[in-house]
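Asks: There's a structure below that I have some questions on.
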Amino acid sequence: MFDSGFGGLTVARAVIDLMPHENIVYIGDTGRYPYGPRPQDEVRGFARQLAWSLVKDYDVKAVVVACNTASAAALDVLVNELPVPVIDVIHPGVDALLAATRTGRAAVIGTVGTIGSGAYQRALQQIAPDVALTAVACPGFVEFVERGQTHGEEITILAERLLAPVHDADVDALLLGCTHYPYLAEVISQVMGPDVTLVSSADATAASTMQGLAQLGLLRDAPGDGDHRFLSSGDISWFADLGGRLLGPELAHAAMWAPDERL
């Protein structure tokens, strides 16, 4: 699986907890984050480099695009190109949002790239056109998480400003449409209030991954825990330190990953 940085670790944690026997390779593209403000063509190129590296260099049996921005920009290309199954975070997230809303008024927040792509809006329209969806970009959230700052007055003030349109829409369910955002769930919940259910796509994506592997007969049938490898395109010590605090001790032996510029 891959992400622009640390956000996908929420998906990695859910996959490890749900399927402890599976071997996992995670690449965090911290050397080029954040993806949200970048043009979609550029993000698509990054996603192809990351996905093909997982296939060619690590012989993975499936690729999880654990990044909403990359899923929005490159999912169709990766599904058509890669010789292995590709699992995204958008469709499982939409399914979880629909299960959570009672009033039919729901919201999704994400990066500028994700919200601007319309990926969530289209996915919801295809399966539940009667649900009123409020989609709001939250620039700055990712940068706070990548700095390890998930609490405090500064992030609370930003959240109050960015989430005002969501609050005004009187929604009862809010999808955290970026894998970084669960780290800000406490602040977001405080701003939105107790009547709004927060939905993270991480658990839904892990369940979708297990279901997909099972249907294809690809689940690993072996005793003991799987091998978990974590790589970063940026500063390894920072990745291991902050990633370890966010996910756990699995990141203690993080290694370097470099993009193949030929892709």
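The values are calculated or read from the model by the stated rules, or taken from the named source; none is laboratory data. Quick caveat: nothing in here was measured; it's all calculated off a predicted structure. Quick reminder, even Gly has a Cβ in these numbers, built from the backbone with ideal geometry, and neighbours come from all protein chains shown.
The rows are residues; the columns are (1) in the same structural domain as Pro249 (by TED's automatic domain parsing); (2) of a type in the set (S, T, N, Q).
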{"position": "Tyr35", "(1), (2)": "yes, no"}
{"position": "Pro39", "(1), (2)": "yes, no"}
{"position": "Ala51", "(1), (2)": "yes, no"}
{"position": "Val64", "(1), (2)": "yes, no"}
{"position": "Ser71", "(1), (2)": "yes, yes"}
{"position": "Val79", "(1), (2)": "yes, no"}
{"position": "Pro83", "(1), (2)": "yes, no"}
{"position": "Arg102", "(1), (2)": "no, no"}
{"position": "Thr111", "(1), (2)": "no, yes"}
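Asks: Then there is this: Could you please let me know if Ala207 is in the same structural domain as Thr69 (by TED's automatic domain parsing), more than 20 Å from the chain's Cα centre (by Cα) and not charged (D, E, K, R)?
Replies: So Ala207 fails the test.
Asks: Now, a different point. Could you grab me the full set of residues in the range 169-208 that are in contact (Cβ under 8 Å) with a residue 12 or more places away in the chain, surrounded by fewer than 24 Cβ atoms within 10 Å (Cβ to Cβ) and polar (S, T, N, Q)?
Replies: Gln190, Thr197, Ser200, Ser208
Asks: Now, a different point. Would you pick out the residues in the range 148-163 that are assigned to a helix (DSSP H, G or I) and either farther than 15 Å from Tyr181 by Cα or not small (Gly, Ala, Ser) (or both)?
Replies: Hits for the range 148-163 are Glu153, Glu154, Ile155, Thr156, Ile157, Leu158, Glu160, Arg161, Leu162.
Asks: Follow-up question, since we're still on this one. So which residues in the range 215-263 are among the small types (Gly, Ala, Ser) and surrounded by 11 or more Cβ atoms within 10 Å (Cβ to Cβ)?
Replies: Correct list: Gly226, Ser232, Ser233, Gly234, Ala240, Gly243, Gly244, Gly248, Ala252, Ala254, Ala255.
Asks: Okay, moving on. Determine which member of the set Val166, Val142 is assigned by TED's automatic domain parsing to the domain that holds Val191, within 13 Å of Gly110 (Cβ to Cβ), in a helix (DSSP H, G or I) and in contact (Cβ under 8 Å) with a residue 60 or more places away in the chain.
Replies: Just a single option satisfies the conditions, and that option is Val142.
Asks: The conditions are (1) over 25 Å from Gly248 (Cα atoms); (2) surrounded by 20 or more Cβ atoms within 10 Å (Cβ to Cβ), and Gly7 fails exactly one of them. Which is it?
Replies: It is condition (1) that Gly7 fails.
Asks: Related question: Is it true that Ala47 is in a helix (DSSP H, G or I), modelled with pLDDT under 95, not β-branched (Val, Ile, Thr) and not assigned by TED's automatic domain parsing to the domain that holds Phe141?
Replies: no
Asks: Continuing with this model, one more query. Just checking, which of Glu42, Glu22 is among the acidic types (Asp, Glu) and part of a helix (DSSP H, G or I)?
Replies: Result: Glu42 is the single residue among Glu42, Glu22 that is among the acidic types (Asp, Glu) and part of a helix (DSSP H, G or I).
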